[in-house]
1. Just one of the numbered conditions (1) at pLDDT below 90; (2) touching a Lys or Arg at 6+ places or on another chain (Cβ under 6 Å) is not true of Ser82; which one?
2. If the Cβ limit is 9 Å and pairs must be 6+ apart or interchain, which residue in the stretch 105-133 that is among the aromatic types (Phe, Trp, Tyr) pairs with which residue that is at pLDDT below 90 and loosely packed, with under 13 Cβ neighbours inside 10 Å?
3. Scanning for something of a type in the set (A, V, I, L, M, F, W, C), open to solvent by 50 Å² or more (accessible area, probe 1.4 Å), in a helix (DSSP H, G or I) and at pLDDT 85 or above, does the stretch 25-35 turn up at least one residue?
4. Report, by residue number, each residue of the stretch 78-111 that is surrounded by 12 or more Cβ atoms within 10 Å (Cβ to Cβ) and either touching a Pro at 6+ places or on another chain (Cβ under 7 Å) or within 23 Å of Leu146 (Cβ to Cβ) (or both).
5. If a residue has to be more than 26 Å from Ser154 (Cα to Cα) and under 33 Å from the mean Cα position of the chain (by Cα) to count, how many in the stretch 185-219 make the cut?
6. When the stretch 141-158 is examined, which residues are found to be hydrophobic (A, V, I, L, M, F, W, C) and either modelled with pLDDT of 95 or more or open to solvent by 20 Å² or more (accessible area, probe 1.4 Å) (or both)?
7. Give just the number: which of (1) in contact with a Pro (Cβ under 6 Å, 6 or more places away or on another chain); (2) farther than 30 Å from Glu125 by Cβ; (3) surrounded by fewer than 18 Cβ atoms within 10 Å (Cβ to Cβ) does Arg163 not satisfy?
8. Do you know which of the residues in the stretch 177-233 that are touching a residue at least 24 places away in the same chain (Cβ under 8 Å) and polar (S, T, N, Q) is surrounded by the fewest Cβ atoms within 10 Å (Cβ to Cβ)?
Amino acid sequence: MAETRKRRPHPKEHEIHQLLLEGLSNNEIRRRTGADLRTIAARRELANVGPAPRPRPKARPHPREAEILAALQAGGSNSGISEQLHVDKVAVARIRRDNGIPDVADRQRAERPGLQELWRQYARETEGGHMAWDGPRASGSRTPLLRHVGSWYSAAAVAFEMRTGRTPKGQVKTECTVKHCVAPACVEDEAGRQALRLMTRRLQGLPDPPTGHCKNGHDLAVDGRLDARLHPYCEGCKRDRKTTARQTTT
């Protein structure tokens, strides 16, 4: 069997490799080095360098580009400029993009207060380190709420995330004696609530809740809970009873 012939290095091997890494096309490398296209293609394959991207053709200036640009710099929207100057909205958007001018909607989003900043506008400190809520509330339960970017958020959940830096697990409730208190130190999610109740139960010398499965087959490692009186119960069974009651009412 004949031995594979070893490829001899090209006189400008290093320069070809460097130009490939810089993203130049085969034709441009040939113009600069004088190497033939097959040699350059072979080096490209050996170096595992993809083909150079084809440059996008530059758009021709719009006949009214100066007017459109002036209107954009004055703060006009794409639709408003399109109607005012009777030009294509796509052309207005292209000129905006080429000149790096932010859209009106983008500016409004950037200037809009964040969720936590909005929370601070409505939360008010009271005696004892608690916080009252001066913002919107749920109509029936009077639970403090926040409206942000078209969605509703629980004010207690926002306070919990401000304190812990993580998304709450389960419902966030006030754990102090002040109803609807939104102080970050006074709210807790389901996971934290259960951990506190388990710790309190152990401090009182009570045994840990049962493990395994409940009488209806729910896994207590998932559905096991402690109520406010530290009594164990199964959330799965409670959930099933609610579903049955709903179906009966329907």
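The values are calculated or read from the model by the stated rules, or taken from the named source; none is laboratory data. Source: prediction; values computed, not measured. Heads up, the Cβs are rebuilt from the backbone with ideal geometry, glycines too, and the neighbour counts pull from every protein chain shown. Accessible surface areas use protein heavy atoms only, side chains included; no ligands, DNA or RNA. Shrake-Rupley method; radii C 1.70, N 1.55, O 1.52, S 1.80 Å.
1. (1)
2. Going by the 9 Å Cβ cut-off, there are no qualifying pairs.
3. no
4. Arg107
5. 1
6. Hits for the stretch 141-158 are Leu145, Val149, Trp152, Ala155, Ala156, Ala157, Val158.
7. (2)
8. This residue is Gln204.
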